[in-house]
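Taking it in order: structure first as structure tokens, then the write-up.
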Amino acid sequence: MSEAAREDGGPAFARPSTFDIQGYGEEGSEGLSLRDYFAAQALAGMCSTRDEAGTLIAHGYEWLAREAFQIADAMLAERTR
């Protein structure tokens, strides 16, 4: 799936703009995407897994990042079922 066509689940932790009648307030923020949030949670879980020697079980940082986003994509796909 191309990056442009990838479903990201929409914003997570979005914050709307809040302005009073005089125009004072704060600009909103879309926050991070739900895909990014899912990937971050998956990555946290993977990084908490250690072997008997106490070292991180991984195949390199690129592998961890790729796996985290694959998990996030699977979670988004399951969410739409």
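The values are calculated or read from the model by the stated rules, or taken from the named source; none is laboratory data. What you see is a predicted model; the values in this text were computed from it and never measured. Areas reflect the complete protein model, heavy atoms only, side chains present, ligands, DNA and RNA absent. Shrake-Rupley method; radii C 1.70, N 1.55, O 1.52, S 1.80 Å.
May I ask you to give the solvent-accessible area per residue for the chain, in square angstrom, as obtained with a 1.4 angstrom probe? Kindly include the intermediate steps, with their values, before the conclusion.
Working: 6190 Å² over 81 residues.
The answer is 76 Å² per residue.
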Problem - For region 26-40, 3J(HN,Hα) per residue [Karplus equation, 6.51 cos²θ - 1.76 cosθ + 1.60, θ = phi - 60°, Hz, x = Gly/Pro] - result: 10, 5, x, 9, 6, x, 8, 6, 4, 4, 4, 5, 4, 5, 5
Practice task
Quantify, in whole percent, the carbon and sulfur part of the accessible surface of the chain (1.4 Å probe; protein heavy atoms only).
Solution key: 55
Practice task
For the chain, find the longest principal axis of its Cα atoms and tell me its angle to the long axis of helix 61-79, 0 to 90°, nearest 10.
Solution key: 60
Completion exercise
Taking placed amide H atoms and a strict 5 Å upper bound, the residues 5 or more places from residue 12 or on another chain that come that close are 32, 33, 34
Handout entry: Identified option (computed Cα extents along the principal axes in Å; candidates (1) 44, 18, 17; (2) 27, 27, 16; (3) 61, 30, 21)
Key = (3)
